1. Looking at (1) modelled with pLDDT under 90; (2) surrounded by 14 or more Cβ atoms within 10 Å (Cβ to Cβ), which is the only condition Asn69 fails?
2. So, in region 529-562, how many residues would count as being open to solvent by 10 Å² or more (accessible area, probe 1.4 Å) and part of a helix (DSSP H, G or I)?
3. Give me the residue from region 153-166 that is assigned to a loop (DSSP other than H, G, I, E, B) and open to solvent by 20 Å² or more (accessible area, probe 1.4 Å) and, out of that set, nearest to Gly120 (Cα to Cα).
4. Pairs please, first residue from region 263-291 and assigned by TED's automatic domain parsing to the domain that holds Lys343 and under 19 Å from Leu409 (Cα atoms), second anywhere and among the small types (Gly, Ala, Ser) and open to solvent by less than 30 Å² (accessible area, probe 1.4 Å), Cβ atoms under 6 Å, 6+ apart in sequence or on different chains.
5. Inspect all residues belonging to region 284-298 and state whether any of them is within 16 Å of Ala401 (Cα to Cα), open to solvent by 10 Å² or more (accessible area, probe 1.4 Å), in contact with a Lys or Arg (Cβ under 8 Å, 6 or more places away or on another chain) and modelled with pLDDT of 90 or more.
6. Which pairs turn up if I take residues in region 84-112 that are closer than 21 Å to Phe202 by Cβ and look for partners that are part of a helix (DSSP H, G or I) and of a type in the set (D, E, K, R) with beta carbon separation below 7 Å, at least 6 apart in sequence or on another chain?
7. Restricting the search to region 86-111, which residues are open to solvent by less than 10 Å² (accessible area, probe 1.4 Å) and closer than 23 Å to Gly165 by Cβ?
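The values are calculated or read from the model by the stated rules, or taken from the named source; none is laboratory data. Nothing here was measured: the structure is a model prediction, and the numbers come from that model. Positions of Cβ are backbone-derived with ideal geometry, glycine not excepted, and every protein chain shown enters the neighbour counts. Heads up: the accessible areas ignore ligands, DNA and RNA and are worked out on the full protein's heavy atoms, side chains in. Shrake-Rupley method; radii C 1.70, N 1.55, O 1.52, S 1.80 Å.
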Amino acid sequence: MVKISSISKQSAQKISVSKQQIRTNSNSNAVLMQDGAVATKIIPVEGEDTSVKTLKDGILSATSSQESNDLSKFDVNKDESTVSITVVGASGDLAKKKIFPALFALYYEDCLPKHFTIYGYARSKMTDDELRTMVSKTLTCRIDKRENCGEKMEEFLKRCFYQSGQYDSTENFVELDKKLRQHEAGRIANRLFYLSIPPNIFIDAVRCASLSASSANGWTRVIVEKPFGRDSESSAALTSGLKQYLNEDQIFRIDHYLGKELVENLSVLRFSNLIFEPLWSRQYIRNVQLIFSEDFGTEGRGGYFDHYGIIRDIMQNHLLQILALFAMETPVRLDAEDIRNEKVKVLRSMRPLQLDDVVIGQYKSHTRGGVTYPGYTEDKTVPKDSLTPTFAAAALFIDNARWDGVPFLMKAGKALHNRSAEIRVQFRHVPGNLYAKNFGSNLDQSTNELVIRVQPDEAIYLKINNKVPGLGMRLDRSTLNLHYAARYAKEIPDAYERLLLDAVEGERRLFIRSDELDAAWALFTPLLKELEQKKVNPEYYPYGSRGPVGAHYLAARYNVRWGDLGLEQ
């Protein structure tokens, strides 16, 4: 830290030169004094402490050109800031399986600041060493970077500490604050809190962190995990509660699907390739499908899921966020606010969801290969009479000039035949197709389709029609395939790595703004209330199947066939 005493007395006297004696050189970062001394301007630093601010408001002068050169080389930011990352709910599954491994991956890649500290905070009684032992069991190094792995892990774990406390106790957060200050050692202190806890205690934890453990001279940010309420009212109450203690730009609402590589690549694919943007409209696109499927059920965790269901858990956030990114207009710039503004416009343009445009289902027990898989209500944590959907399909429409009349079909479910997440864009039939007779009556066989496979085995591929080599005129449907594992040797980072890094750097592009959240809930809340008030019975489907038959009828109503059900997926 720069001290005033480091400036010579003679220099200090020159600071008091009257304003009339000062003339500024517009072509330099220095102020020229009347007697020829040079005063270096101080560049403002976010969250700077009092001593640095004093120097900024004054003028650093030197008695000679050599002295001025020495000062001009001085970096006031060097070693002056630190980042403290506190994982609130550190003993939970999300922290152990995702957050700590993501932080280690960032450390391994040298993406974290030079000075950083990680604190786990939870109600469980635990020592620093016990936390390190727990965390070490889930840390791994990338396949393509195994050198010095053990050494890096040891260095990372030395930066990890633990504080036990209640989530609603200001006294416990004061203790955390004292420990953080010890590690910050007088530097500019930036603090990031990751709330890996149930939503019903978000506000208590934020209140305590804000009042008792906020940074005094740097930034304070809070990452909030979904779910962000159950409907418009509870979401608004949560937002209002958070904003009692935080500004909007301090709140980072995380949806980890927005951090996935293929989702982030959406805007690159569309806006940096001339062949796609002109086609991205109702004129050429027949329908868009957003498909999410898991090949396992709730498996003992039905208590949480039964309170929310598949629509709140997957559709209202993951799939709707992808839809907004896919359908938005070209933003002015790639700034966070410009992108989020365009997403909000899409969400506000969407037609209210009708019950007739939705199919819900629930998986039942099924025996396959001699193995019996339990039904949803056979889970001991789920009520026997539960009507909570484990599957849902919906047809959504965007009432604007670009997408008017184009069905956006969503489908999400548990205990299905495979695990996948993908975006499928089916283009219109070629008008007056000269080769229609080669495909017979099924024109869908000749439809071009762009598939963006988000997970697993990430890929982007385009289905085109092609002549089979030979003397005849036989056509074949071929695939132009960008398979990420084959094209790129580098292992794809986990979504949590990207989002945590963005939060540390203050990049909000992939986080959800409050008006985005309001627009998303406004779309789904009336539907959810109608389903619950009318006690609509879900259609049952066998564990491991392709879902309820009603989903196929829903697609057929709009002359659409689900793209993931064909022989050539």
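1. Exception for Asn69: condition (2).
2. Selection size over region 529-562: 10.
3. Arg159
4. Matching pairs, first to second residue: Gln289/Gly563.
5. yes
6. Ser84/Glu184; Ala102/Glu497
7. Within region 86-111, Thr86, Val87, Val88, Gly89, Ala90, Ala95, Ile99, Phe100, Leu103 qualify.
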